[in-house]
1. Considering only DSSP states other than H, G, I, E and B, which GluC sites (Glu not before Pro) in the chain qualify as loop sites with at most 10 other Cβ atoms within 10 Å?
2. Which trypsin sites (Lys or Arg not before Pro) in the chain sit in a loop by DSSP (not H, G, I, E or B) and have at most 14 other Cβ atoms within 10 Å of their own Cβ?
3. So for the chain, Kirkwood radius off the Cα pairs, Stokes-Einstein at 4 °C and 1.567 mPa s: how many µm² s⁻¹?
4. Taking 7 Å along the Cα-to-C-beta vector as the label spot, tell me the residue 18-residue 42 distance in nanometres, rounded to one decimal.
5. Just to confirm the filter: which chymotrypsin sites (Phe, Trp or Tyr not before Pro) across the chain are DSSP coil and have at most 13 other Cβ within 10 angstrom of their Cβ?
Amino acid sequence: MAQKIKIWYDAEGDFLEVLFSDKAGYMRETENDAVLERVDDKGNILGFSVIRVSQFEKQKPLVAELA
């Protein structure tokens, strides 16, 4: 079964968000200052956000580990 994801990009805010679920959750920091993970109350990953997207080099990937 395919899983739907939602992706938003706010060019004015320079912010990208990817959601795997619409469940209630909260944002928490990761080891990468530009990446926040969205988790539920049990710590399950619901999605992630990337701030300051335009500052990343085009030839260099953004690397982050989601717990």
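Derivation of every value follows stated rules applied to the coordinates shown; laboratory data play no part. Keep in mind that this is a model prediction, so the values were computed, not measured. Positions of Cβ are backbone-derived with ideal geometry, glycine not excepted, and every protein chain shown enters the neighbour counts.
1. Values: sites: 12, 17, 29, 31, 37, 57, 65; in loops: 12, 31, 57, 65.
Passing sites in the chain are 12, 31, 57, 65.
2. Details: sites: 4, 6, 23, 28, 38, 42, 52, 58; in loops: 4, 23, 42, 52, 58.
Hits after loop and neighbour filter: 4, 23, 42, 52, 58.
3. Values: Rh = 12.7 Å.
The Stokes-Einstein estimate is 102 µm²/s.
4. The modelled label-to-label distance comes out at 2.3 nm.
5. Numbers: sites: 8, 9, 15, 20, 26, 48, 56; in loops: 20, 56.
Loop-located and lightly packed - 56.
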